[in-house]
Amino acid sequence: MRMQKQIVTFFTLVLVLFTLFPLGAAGQQESLQIAEPVVSIIDSRNAEISLFDYPQRIVSLSPNLTETLFALGLGDKVVGRSDYCDYPAEAASIPPVGDLFTPSVEKILSLEPDLVIIGSIGQAQTVEALETGGATVAYINEEATMEGTYRIIEQVGNITGASAQATALITEMRQTIDQVLDQRSQANWPTVYYVAGFGEWGDFTATGDTFLHEIIVTAGGDNIAHDAINWSYQLEILLAKDPDILILPAMWGSTPEETKNSFLSHPSYASLSAVKNDKIITWVENNILERQGPRSALAVSQLAQAFTELSR
């Protein structure tokens, strides 16, 4: 009799518990469901970057990536930048976190970013320190070509939820390039030399392994340094090849006029035909030319126009 009462009591308790918690295992299973990331990409170091929400607070440690974020309409989400992220002008109001290779990890982490994006693998120690501090870091870099530039923009768009804007921007850039290709001369391209450095410290230029080399060629220029590498060039070869046109952007800390006067006053370059004929392009910014980003197509268009005008 006592045993029967215990059995009845047990089943009564089970019935009460079932009534109070009717979902049982199904409810527990539902509560254990794991949220899926809204985006996952494989970045340029072959690391998988997953985010469960699109970033609302972004720190950019590369000028071309900062330009890309603004071009995609994400400038209001950028809460930190490198000292060299100087375009567009609105970027100046964003707190700087240091230079490209040794930014302040402490300052970056204090900004509580959802995402830190970098464009140089030379920041490996910075990446490790940031990830140890709990930050999500994406390394976005591609080959030094226009196609590589498009992929950079696409990757930034993907990881920030701005894929549609990235696609529209890439389409616009391709159209600009196509227009240049349709209009440029198919023969008699001017020979061109890009002055990246000159004078007592040596001569440096856009050699064949640089992004700028492709910009020059796409614009319809015959880069005399196409067979050189690592930005280095010999003065004797420059003088021997005697290019038709010089591209001379303003040197760091100087105006275009100051840079041109300094170049023209140096005796090493007085014999160049471009100097004698004043066929020197000084008004194109080196940042537009050298950075892989939204203004790269504009760089091609501006150079193409200049080559045409100076070849008449």
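From 206, 124, 129, 162, which residue is over 26 Å from residue 72 (Cβ atoms) and out of contact with any helix residue (DSSP H, G or I) (no Cβ under 7 Å at 6 or more places or on another chain)?
Working: 206 fails: out of contact with any helix residue (DSSP H, G or I) (no Cβ under 7 Å at 6 or more places or on another chain); 129 fails: out of contact with any helix residue (DSSP H, G or I) (no Cβ under 7 Å at 6 or more places or on another chain); 162 fails: over 26 Å from residue 72 (Cβ atoms).
Just one listed residue meets the conditions, 124.
Restricting to segment 250-265, name every residue that is at pLDDT 95 or above and closer than 21 Å to residue 224 by Cα. Within segment 250-265, 260, 263, 264 qualify. Considering segment 75-169, there are no qualifying strands (runs of 3 or more DSSP E) wholly inside with 3 or more residues that are aliphatic (A, V, I, L, M), at pLDDT below 95 and surrounded by fewer than 16 Cβ atoms within 10 Å (Cβ to Cβ).
Of everything in segment 267-312 that's aromatic (Phe, Trp, Tyr) and crowded, with 17+ Cβ neighbours inside 10 Å, which residue is farthest from residue 169 (Cα to Cα)?
That would be 269.
Within segment 256-293, the set of residues being over 15 Å from residue 238 (Cα atoms) and assigned to a loop (DSSP other than H, G, I, E, B) comprises 265, 277, 278, 279, 282, 283, 284, 285, 291, 292, 293.
Residues that are closer than 14 Å to residue 116 by Cβ and of a type in the set (Phe, Trp, Tyr) within segment 136-165 comprise just one, 139. Taken over segment 205-255, residues that are in a loop (DSSP other than H, G, I, E, B) and touching a Lys or Arg at 6+ places or on another chain (Cβ under 8 Å) amount to 5.
The values are calculated or read from the model by the stated rules, or taken from the named source; none is laboratory data. These numbers come from a predicted model, not from an experiment. In this analysis, Cβ positions are derived from the backbone assuming ideal geometry, glycine residues included, and neighbour counts consider all displayed protein chains.
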